[in-house]
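**Student:** One structure follows; several queries about it will come next.
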Amino acid sequence: MRELLSRWLPVMLWCLVIYMFSESSWFTGANTAHVLQVILSYWPFGGGEEEGPSFLNFLIRKAAHLTEFGILAVLVWRALFPRRASYIGAWLFATAYAATDEWHQSFEPGRTATPKDVAIDSCGALIALVIVFFCCRWRKARHRSLQRGV
């Protein structure tokens with residue numbers, strides 16, 4: 001039971017973090033744009049009403065989507081590993097949770113739910129799992145070469 005909890009508790013906690021991000025009005029596009037505008041106003045080149053800050057806000061928000069669901073996928077992979085379908089299971093879990101997260105956002109004032117965000121979340125999970133896959137392969141190859149004395 002202790003091992004099961006140590007594997008799945010981080011997943012549950014991260015799902016709660018994602019839920020809280022969706023629930024909070026602090027993370028609406030308008031609020032993050034305002035915070036970014038305030039930060040840029042202290043820089044010599046920032047603070048204007050040009051297209052730059054809104055595009056930067058878009059990039060930051062989408063990078064957050066990629067990152068939060070990439071982390072979720074890695075945590076689920078860790079919980080499922082060494083099962084054969086740990087990569088597929090982790091990606092499916094993260095994608096399904098992304099869809100339910102967007103559905104949840106559709107009920108929150110000031111939040112929008114779009115299939116595009118589910119796709120971005122799913123890509124974030126996939127990118128993270130590809131990185132994990134290659135890191136594991138590299139580690140195995142390195143371990144084998146160290147055992148051979150190469």
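The values are calculated or read from the model by the stated rules, or taken from the named source; none is laboratory data. Since we're looking at a predicted model, the values are computed, not measured. Neighbour counts run over all protein chains shown; Cβ positions are idealised from the backbone, glycine included. Ligands, DNA and RNA are stripped out before the accessible areas are found, and what is left, the full protein with its side chains, is counted by its heavy atoms. Shrake-Rupley method; radii C 1.70, N 1.55, O 1.52, S 1.80 Å.
**Student:** Scan (1) of a type in the set (Gly, Ala, Ser); (2) under 22 Å from residue 15 (Cβ atoms); (3) more than 14 Å from the chain's Cα centre (by Cα); (4) in a helix (DSSP H, G or I) for the single condition residue 113 breaks and write down its number.
**Tutor:** (4)
**Student:** Taking the stretch 69-84 as the region of interest, how many residues are free of Cβ contacts under 8 Å to residues at least 12 places away in the same chain and of a type in the set (Lys, Arg)?
**Tutor:** Residues that pass the stated criteria total 2.
**Student:** Out of 40, 126, 36, report the one residue that is under 27 Å from residue 10 (Cα atoms) and either open to solvent by 80 Å² or more (accessible area, probe 1.4 Å) or assigned to a helix (DSSP H, G or I) (or both).
**Tutor:** None of the other options fit; the residue is 126.
**Student:** Would you point out the residue of the stretch 131-150, among those that are open to solvent by less than 70 Å² (accessible area, probe 1.4 Å) and assigned to a helix (DSSP H, G or I), that is modelled with the lowest pLDDT?
**Tutor:** Restricting to residues being open to solvent by less than 70 Å² (accessible area, probe 1.4 Å) and assigned to a helix (DSSP H, G or I), the top hit is 145.
**Student:** On to the next question. Based on this model, can you work out whether residue 72 counts as surrounded by 17 or more Cβ atoms within 10 Å (Cβ to Cβ), under 21 Å from residue 17 (Cβ atoms), over 14 Å from the mean Cα position of the chain (by Cα) and modelled with pLDDT of 90 or more?
**Tutor:** no
**Student:** Hey, could you check the stretch 3-24 for residues that are aromatic (Phe, Trp, Tyr) and out of contact with any Leu (no Cβ under 7 Å at 6 or more places or on another chain) and say which is nearest to residue 103 (Cα to Cα)?
**Tutor:** Looking at the filtered set, the residue picked out is 19.
**Student:** Out of the stretch 101-119, which residues are surrounded by 19 or more Cβ atoms within 10 Å (Cβ to Cβ) and either touching a Leu at 6+ places or on another chain (Cβ under 8 Å) or free of Cβ contacts under 8 Å to residues at least 40 places away in the same chain (or both)?
**Tutor:** Within the stretch 101-119, 102, 118 qualify.
**Student:** Right, here's the next one. What number of residues within the stretch 81-100 satisfy the criterion of being within 15 Å of residue 15 (Cβ to Cβ), open to solvent by 30 Å² or more (accessible area, probe 1.4 Å) and of a type outside the set (Ser, Thr, Tyr)?
**Tutor:** Final tally of qualifying residues: 4.
**Student:** Also, quick follow-up: Is one or more of the residues making up the stretch 77-89 under 16 Å from residue 22 (Cα atoms) and not in a helix (DSSP H, G or I)?
**Tutor:** no
**Student:** Turning to a different aspect of this structure: Are there any pairs, at least 6 apart or on different chains, whose C-beta atoms fall under 7 Å, with the first in the stretch 1-27 and in contact (Cβ under 8 Å) with a residue 40 or more places away in the chain and the second open to solvent by 90 Å² or more (accessible area, probe 1.4 Å) and in a helix (DSSP H, G or I), and if so, which?
**Tutor:** 7/78
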